[in-house]
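Each remark here refers to the structure printed beneath this line.
The values are calculated or read from the model by the stated rules, or taken from the named source; none is laboratory data. Remember, it's a predicted structure, so these values are computed and weren't measured experimentally. Using ideal geometry, Cβ is built from the backbone for each residue, glycine included, and neighbour counts are taken over all protein chains shown.
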Amino acid sequence: MSLGLCHLHPECFEFPAYVTEQRENAVCLDRSFFYPGGGGQLPDRGVLRWATGQAEVIDIKSIDGKVWHVLNREDLPTHKVVGIVDKSFRLMMCQLHTDLHILNAIVFKHFRGALVTGVQMAEDGTARVDFDLPQVASADLRVLESEVNSVIEAGLPVRELFMPLDVALAEPGLIRSRSVAPPPQADGGVRIIEIEGLDRQACGGTHLTSTSDSAFIRILKIENKGQRNRRVRIRLDA
């Protein structure tokens, strides 16, 4: 996954663009600041406006190397549009993704390098993360809620950095997923998200710039998913 404009300019939520292709209820643009989704994070939502109408961007799909903006209408724009990214939805995804990194780091520290086996964020401000944690009691995971919230309250800086893939693979703990390879950049490098003093791991999603920009979280439920997997469900605490 190469860096998108949403990574290079995370402060941009409104932009002009031109339609380059159409298909069914979707269009390709010559440039886009929408995050296309990946790694368990949902794609951005928003609006496309043009001279004679507008439509909601309800999904973003990558097909044959092209990024398609799926719209909620069949009458599509053909020329110039203005894209408007839903800022509140992006912020919710950034909070959830950053908070999952915090939880991941704490689990990794307490349970001997336990790896992630699955992640999914949802539109309602909840998320789940699965860990390879055989023989760990639910109570031992539930008590981590206060530790996660202490990190949120501490306001640790969150930043991105890049390194060659071979260097990333050689650093213990940098690759946390049991089944998903780190998203490569165009030059073959790997994007790393670092929470200062707490965590470094490969990731291609969008994040906060400080942990204190997130609401606190609640651990809703701990589930056993097979002999080894433990699923932790969280939500942002409004």
Requested in this report: Please enumerate the residues belonging to segment 192-238 that are assigned to a loop (DSSP other than H, G, I, E, B) and either in contact with a helix residue (DSSP H, G or I) (Cβ under 8 Å, 6 or more places away or on another chain) or among the aromatic types (Phe, Trp, Tyr) (or both).
Outcome: 198, 203, 205, 206, 207, 208, 214, 215, 216
Report task. Among the residues of segment 1-48, write down those that are farther than 28 Å from residue 162 by Cβ and surrounded by fewer than 17 Cβ atoms within 10 Å (Cβ to Cβ). Result -> 16, 18, 20, 21, 22, 23, 24
Requested in this report: Would you confirm whether any residue within segment 36-43 is out of contact with any Pro (no Cβ under 8 Å at 6 or more places or on another chain), closer than 18 Å to residue 63 by Cβ and not aliphatic (A, V, I, L, M)?
Outcome: no
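Restricting attention to segment 51-86, report how many residues are under 16 Å from residue 15 (Cα atoms), within 20 Å of the chain's Cα centre (by Cα) and among the acidic types (Asp, Glu).
Within segment 51-86, the first condition is being under 16 Å from residue 15 (Cα atoms), and the residues that meet it are 51, 54-57, 69, 77, 79-86.
Filter again for within 20 Å of the chain's Cα centre (by Cα), leaving 57, 69, 84-86.
Next, only the ones that are among the acidic types (Asp, Glu) stay: 86.
So the answer is 1.
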Query raised in the report: Could we say that residue 144 is at pLDDT below 85 and aliphatic (A, V, I, L, M) here?
Result: no
Requested in this report: Kindly list the number of the only condition in (1) at negative phi; (2) of a type outside the set (Ser, Thr, Tyr); (3) buried (at least 17 other Cβ atoms within 10 Å of the Cβ) that fails for residue 109.
Outcome: (3)
Report summary line: Among 216, 162, the single one that is surrounded by fewer than 17 Cβ atoms within 10 Å (Cβ to Cβ), modelled with pLDDT of 95 or more and hydrophobic (A, V, I, L, M, F, W, C) is 216
**Report entry** Filtered residues of segment 49-58 (kept if surrounded by fewer than 18 Cβ atoms within 10 Å (Cβ to Cβ) and either assigned by TED's automatic domain parsing to the domain that holds residue 119 or touching a strand residue (DSSP E or B) at 6+ places or on another chain (Cβ under 9 Å) (or both))
**Finding:** 49, 50, 51, 54, 56, 58
Requested in this report: Could you tell me whether segment 42-63 includes any residue that is under 18 Å from residue 6 (Cα atoms) and in contact (Cβ under 8 Å) with a residue 60 or more places away in the chain?
Outcome: yes
Query raised in the report: Which members of segment 219-238 meet the condition of being surrounded by fewer than 17 Cβ atoms within 10 Å (Cβ to Cβ) and either within 14 Å of residue 151 (Cα to Cα) or of a type in the set (A, V, I, L, M) (or both)?
Result: 220, 238
Query - Sole residue being under 13 Å from residue 39 (Cα atoms) and modelled with pLDDT of 85 or more, chosen from 205, 155 - result: 205
Query raised in the report: Among the residues of segment 111-150, which ones are of a type in the set (A, V, I, L, M) and closer than 14 Å to residue 96 by Cα?
Result: 119, 121, 122, 127, 129, 148
Report task. Go over the candidates 140, 99 one by one and state the one that is charged (D, E, K, R), crowded, with 20+ Cβ neighbours inside 10 Å and within 20 Å of residue 220 (Cβ to Cβ). Result -> 99
Query raised in the report: In segment 57-84, which residue that is under 11 Å from residue 25 (Cα atoms) and charged (D, E, K, R) is modelled with the highest pLDDT?
Result: 59
